[in-house]
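K.L.:
I'd like to ask you about the structure that follows.
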Amino acid sequence: MTNNWMKERLKSVPLFRELSDHELESLVAISHVRVYKPRTFVFMQGDPLERVYFIHSGTVKIYKTDMSGKEQIISILQTGEMFPHTGFFLKGSYPAHAEVIDEATLIAIPIADFEQTLICYPEVCIKLFRVMGEKIVDLQKRLEEQILHNTYEQIIMLLLRLTKTNAVPQGKFYRLTAHVTNRELANMIGTSRETVSRTLSQLKRKGLIDINEDGFYLIDKEGLEKEIFF
């Protein structure tokens, strides 16, 4: 990989978008590009915490598992996003699994080197705090949804959340940019696959969601908002 190629890739990451060429060159010197096939792990929960990753292309699923192997999906990340979002300031282990869904090209930076970058470039540090703050707010909202809303409403709120983080407009719908199974949707909110399947069937009959020929969900964002908020 050439230095110019790496600089262009780093520029595509929102965290580094406003850095000068000179500043980007210092990042190029500590960055490594890695390509991962689908269903491979970038790291596993409990592995030594060594690197922070930025997604150039592809899709990565972040999830935790408990002692019984039950899965709780934290997020599905795509181009421009970083992970892990929290924990890399601490010495220890990765707090969750990172599994590749679609073939991914990742930029990896050793934690120690990334910390030095944050010290040298305070504007990057401020942006990082904003990203982490957004994640904290998102987790708070998810907790409120579980406490204040029934499962039907939680599933609708999950679909609405995905239109913001993992979708693009397509006519009256938003098309998800990642393939997600009913099991994965269930694991995002801690319910059963059967409950999700029943709810999605209801929403499909109402014309609020659909699936295109490539297997991507189509979501009527405005319709779902009316379904739950009006």
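The values are calculated or read from the model by the stated rules, or taken from the named source; none is laboratory data. Small disclaimer: the values here were computed from a predicted structure and weren't measured. Cβ sites come from the backbone with ideal geometry, for glycine too, and all protein chains shown count toward neighbours. Ligands, DNA and RNA are stripped out before the accessible areas are found, and what is left, the full protein with its side chains, is counted by its heavy atoms. Shrake-Rupley method; radii C 1.70, N 1.55, O 1.52, S 1.80 Å.
K.L.:
How much net charge surrounds Glu194 when only the other residues with a Cβ under 15 Å from the Cβ of Glu194 are counted, with Lys and Arg +1 and Asp and Glu -1?
P.N.:
On the way: positive: Arg183, Arg193, Arg198; negative: Glu184.
It works out to a net charge of +2.
K.L.:
Hey, any idea what % of the chain's accessible area is carbon plus sulfur with a 1.4 Å probe? Display every interim value, and only then the final one.
P.N.:
Details: 6500 of 12080 Å².
Of all accessible area on the chain, carbon and sulfur atoms account for 54 percent.
K.L.:
I want to verify the translational diffusion coefficient of the chain in µm²/s; compute it with Stokes-Einstein, Rh as the Kirkwood radius over Cα pairs, at 37 °C and 0.692 mPa s.
P.N.:
Working: Rh = 19.0 Å.
For the chosen part, D equals 173 µm²/s.
K.L.:
On C-alpha positions alone, give me the angle between the axis of helix 193-205 and the longest principal axis of the chain, in degrees, nearest 10.
P.N.:
70
K.L.:
Mind pulling the per residue volume of the convex hull built on the Cα atoms of region 14-73? Å³ is fine.
P.N.:
Working: hull volume 6.9 nm³, N = 60.
Cα-based convex hull of region 14-73, divided per residue, equals 115 Å³.
K.L.:
Taking 30 Å as R0, compute the FRET efficiency from the Cβ-Cβ separation of Ser93 and Leu118 and round it to 0.05.
P.N.:
Values: r = 21 Å, r/R0 = 0.69.
In this case the efficiency is close to 0.90.
K.L.:
What residue among Ser197, Ser20, Ser31 has the largest mean-square fluctuation in a Gaussian network model of the chain, using Cα springs under 10 Å?
P.N.:
Ser20
K.L.:
Okay, next question. Please report, largest first and rounded to whole Å, the three semi-axes of the ellipsoid equivalent to region 1-128, where each semi-axis is the square root of five times an eigenvalue of the C-alpha gyration tensor.
P.N.:
Numbers: eigenvalues 130, 55, 27 Å².
Listed largest to smallest, the semi-axes of region 1-128 are 25, 17, 12 Å.
K.L.:
Along the Cα-to-Cβ line of Thr40, 7 Å from the Cα, sits a label point; which residues in region 49-76 have backbone N less than 20 Å from it?
P.N.:
Inside the label zone: 49-63.
K.L.:
Filter the GluC sites (Glu not before Pro) in region 199-228 down to the DSSP loop ones having no more than 13 other Cβ atoms within 10 Å, then list what survives.
P.N.:
Working: sites: Glu213, Glu222, Glu225, Glu227; in loops: Glu213.
Hits after loop and neighbour filter: Glu213.
K.L.:
Give or take rounding to whole Å, what are the principal axis extents of the alpha carbon atoms in region 154-230, in descending order?
P.N.:
Sorted from largest, the Cα extents of region 154-230 read 31, 31, 23 Å.
K.L.:
Provide the per residue accessible area, probe 1.4 Å, for the chain, rounded to a whole number of square angstrom.
P.N.:
So the chain comes to 53 Å² accessible per residue, rounded to a whole number.
K.L.:
Could I ask something else about it? Ignoring the sites themselves, what is the longest stretch of the chain with no trypsin sites (Lys or Arg not before Pro) in a DSSP loop and at most 12 other beta-carbon atoms within 10 Å? Don't jump to the answer; show the numbers that get you there.
P.N.:
Details: sites that count: Arg17, Arg39, Lys70, Lys91, Lys172, Lys206.
Longest stretch, sites excluded: 92-171.
K.L.:
Counting pairs of alpha carbon atoms under 8 Å apart in space and at least six apart in sequence, what relative contact order in percent does region 1-145 give? List each step's numbers first, then the result.
P.N.:
Working: 239 pairs, mean separation 43.4, N = 145.
Computed value for region 1-145: 30 percent relative contact order.
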